[in-house]
Amino acid sequence: MIGTKVLRAATISALTLTLTLASGCDSVKGVFDSKDDTSTTTAAPVTSMPKPKPVVKSVEATTSGMDSHYYAILQITIENKGSDGTVIVRATLTQGGVTQTNDMITNLDKDKTQTLPLVFPLKWQGGDWTQTVDVIVP
């Protein structure tokens with residue numbers, strides 16, 4: 001019985017507070033309305049973050065090992081002509097009709113040159129092999 005009276009009193013207090021606050025909002029509304037406002041609002045232009053501008057300067061290819069432990073090693077030199085940022089270096093090596101791809105994620109500093117090694121395990125199939133290198137800015 002006492003719990004019911006307390007619950008009713010709390011409910012009535014909450015309703016009273018809610019109505020008081022809600023009715024007070026109308027009196028504040030006029031403060032923010034401006035009839036003399038002739039300006040137009042335009043969205044700010046979207047600006048993109050500066051990104052790295054990598055340039056592959058050179059690729060030096062060597063081999064190492066023998067028999068089943070044979071590797072092609074690419075020393076890839078990249079110059080960054082943009083801002084600091086992360087890039088993906090993707091090298092592809094083709095030998096005897098078989099193509100392999102290696103990726104390396106690295107951070108390039110602005111106006112710096114960096115050399116990265118990428119290693120490809122090879123099964124010697126005779127003949128020359130060719131490589132290509134791309135740098136992807138995500």
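The values are calculated or read from the model by the stated rules, or taken from the named source; none is laboratory data. Not measured: the values here are computed from a predicted model. Cβ: placed from backbone, ideal geometry, glycine included. Neighbour counts: every protein chain shown. To get the accessible areas, we keep the full protein, side chains included, count just its heavy atoms, and leave off ligands, DNA and RNA. Shrake-Rupley method; radii C 1.70, N 1.55, O 1.52, S 1.80 Å.
Among the residues of region 106-138, what is the count of those that are among the polar types (S, T, N, Q) and open to solvent by less than 60 Å² (accessible area, probe 1.4 Å)?
Pass one, region 106-138, residues among the polar types (S, T, N, Q): 106-107, 113-115, 125, 130-132.
Remaining after also requiring open to solvent by less than 60 Å² (accessible area, probe 1.4 Å): 106, 114.
Residues flagged as among the polar types (S, T, N, Q) and open to solvent by less than 60 Å² (accessible area, probe 1.4 Å) within region 106-138 amount to 2.
Taken together, the residues in region 95-110 that are in contact with an Asp or Glu (Cβ under 8 Å, 6 or more places away or on another chain) and not acidic (Asp, Glu) amount to 4. Whenever a residue of region 109-121 is at positive phi, its partners that are open to solvent by less than 80 Å² (accessible area, probe 1.4 Å) and modelled with pLDDT of 95 or more, lying with C-beta atoms within less than 8 angstrom and at least six residues away or across chains, give the pairs Asp111/Asn80.
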